[in-house]
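The block underneath contains the structure these notes are about, expressed in structure tokens.
Quick note: the coordinates plus some simple rules give every number you see, no bench work behind them. Everything numeric here is computed off the predicted structure, so don't read it as measured data. Here the Cβ positions follow ideal geometry from the backbone for every residue, glycine too, while neighbour counts run over all protein chains shown.
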Amino acid sequence: MLSPMSTVIARLIAYLFLGVLHAVGPLLLLIAIISSTPKVEFVRNSVVSDGTVIALQPTYSRQFSKQVYKPVVRFTDGNGQTRLFVADSRSGIDPLKPGDSFRVLYLRNHPETARIDTIAQLWMPQLILAFIGVVFVVFSVRILIRRKGLNHTPISS
């Protein structure tokens, strides 16, 4: 049989766990929203151009401990000048190959800010954070609903 003190400690640990669980989901959602703000401004203020992958540049990724290939993109800016940039690699989420065409976004008079206009290239970190945040929120709400249901069971006679 458990002593009253060990029951209190077990309850405190459970409440601490639930408190952290309830806080993590909304916190991740908030971080996703706040980190999206600069990207929204970038997209809103961007100039659109057509871009083409002209090559794949091999680069060693410490994150994946292997060589990855980043697309080298060519586009023409608003002044008619041909520009090149190396796009971020998302490890196969949106594999690009030479000859692929797509929209490129960049800030007017700042072609060095060019980004490929795809969901994966622009929004993947925020989408991952938001998805995990929603999972935590749904899980914690289900726990609350289940707990309330257990505490308010009708008494039968």
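Any chance region 111-133 includes a residue that's closer than 23 Å to ILE34 by Cβ, assigned to a strand (DSSP E or B), among the basic types (Lys, Arg) and under 23 Å from the mean Cα position of the chain (by Cα)?
For region 111-133, residues closer than 23 Å to ILE34 by Cβ, assigned to a strand (DSSP E or B), among the basic types (Lys, Arg) and under 23 Å from the mean Cα position of the chain (by Cα): present.
Looking at region 58-77, can you tell me whether even one residue there is among the polar types (S, T, N, Q), surrounded by 14 or more Cβ atoms within 10 Å (Cβ to Cβ), assigned to a strand (DSSP E or B) and over 24 Å from the mean Cα position of the chain (by Cα)?
Filtering region 58-77 down to residues among the polar types (S, T, N, Q) leaves 59, 61, 63, 65, 67, 76.
Checking which are surrounded by 14 or more Cβ atoms within 10 Å (Cβ to Cβ) leaves us with 76.
Narrowing further to those that are assigned to a strand (DSSP E or B): 76.
Those still in the list that are over 24 Å from the mean Cα position of the chain (by Cα) too: 76.
Within region 58-77, one or more residues are among the polar types (S, T, N, Q), surrounded by 14 or more Cβ atoms within 10 Å (Cβ to Cβ), assigned to a strand (DSSP E or B) and over 24 Å from the mean Cα position of the chain (by Cα).
If ASP117 satisfies all but one of (1) in contact with a Leu (Cβ under 7 Å, 6 or more places away or on another chain); (2) farther than 27 Å from ILE31 by Cα, what's the number of the condition it fails?
Every listed condition holds for ASP117 apart from (2).
Could you check VAL8 against (1) out of contact with any Ser or Thr (no Cβ under 9 Å at 6 or more places or on another chain); (2) in contact (Cβ under 8 Å) with a residue 60 or more places away in the chain; (3) outside any strand (DSSP E or B) and say which number it fails?
(2)
Among the residues of region 92-105, are any touching a helix residue (DSSP H, G or I) at 6+ places or on another chain (Cβ under 7 Å), in a strand (DSSP E or B) and either touching a residue at least 12 places away in the same chain (Cβ under 8 Å) or of a type outside the set (Asp, Glu) (or both)? I'd like the intermediate steps shown before the answer.
Going through region 92-105, the residues touching a helix residue (DSSP H, G or I) at 6+ places or on another chain (Cβ under 7 Å) turn out to be 93-94, 105.
Of the ones still in play, those that are also in a strand (DSSP E or B) are 105.
Subset that is either touching a residue at least 12 places away in the same chain (Cβ under 8 Å) or of a type outside the set (Asp, Glu) (or both): 105.
Looking through region 92-105, at least one residue is touching a helix residue (DSSP H, G or I) at 6+ places or on another chain (Cβ under 7 Å), in a strand (DSSP E or B) and either touching a residue at least 12 places away in the same chain (Cβ under 8 Å) or of a type outside the set (Asp, Glu) (or both).
Here is a check on your reading of the model: is ILE116 within 30 Å of ILE143 (Cβ to Cβ), β-branched (Val, Ile, Thr) and surrounded by 13 or more Cβ atoms within 10 Å (Cβ to Cβ)? Before you say what the answer is, go through the steps one by one.
Working: within 30 Å of ILE143 (Cβ to Cβ): no; β-branched (Val, Ile, Thr): yes; surrounded by 13 or more Cβ atoms within 10 Å (Cβ to Cβ): yes.
The answer is no for ILE116.
Inside region 78-103, can you point out the residues that are over 21 Å from the mean Cα position of the chain (by Cα), among the polar types (S, T, N, Q) and within 18 Å of MET124 (Cα to Cα)?
Of everything in region 78-103, nothing turns out to be over 21 Å from the mean Cα position of the chain (by Cα), among the polar types (S, T, N, Q) and within 18 Å of MET124 (Cα to Cα).
Go through region 27-57 and give me each residue that's more than 18 Å from PRO125 (Cβ to Cβ) and either in contact (Cβ under 8 Å) with a residue 60 or more places away in the chain or surrounded by 12 or more Cβ atoms within 10 Å (Cβ to Cβ) (or both). I'd like the intermediate steps shown before the answer.
Initial filter on region 27-57 (more than 18 Å from PRO125 (Cβ to Cβ)): 44-57.
If the condition is that a residue be more than 18 Å from PRO125 (Cβ to Cβ) and either in contact (Cβ under 8 Å) with a residue 60 or more places away in the chain or surrounded by 12 or more Cβ atoms within 10 Å (Cβ to Cβ) (or both), then ASN45, SER46, VAL47, VAL48, SER49, GLY51, THR52, VAL53, ILE54, ALA55, LEU56, GLN57 are the ones that fit.
So, in region 78-89, exactly how many residues are surrounded by fewer than 16 Cβ atoms within 10 Å (Cβ to Cβ) and part of a strand (DSSP E or B)? Talk me through it step by step, then tell me what you get.
Keep residues of region 78-89 that are surrounded by fewer than 16 Cβ atoms within 10 Å (Cβ to Cβ), which gives 78-82, 84, 86, 88.
If we keep only those that are part of a strand (DSSP E or B) as well, we get 82, 84, 86.
Qualifying residue count, region 78-89: 3.
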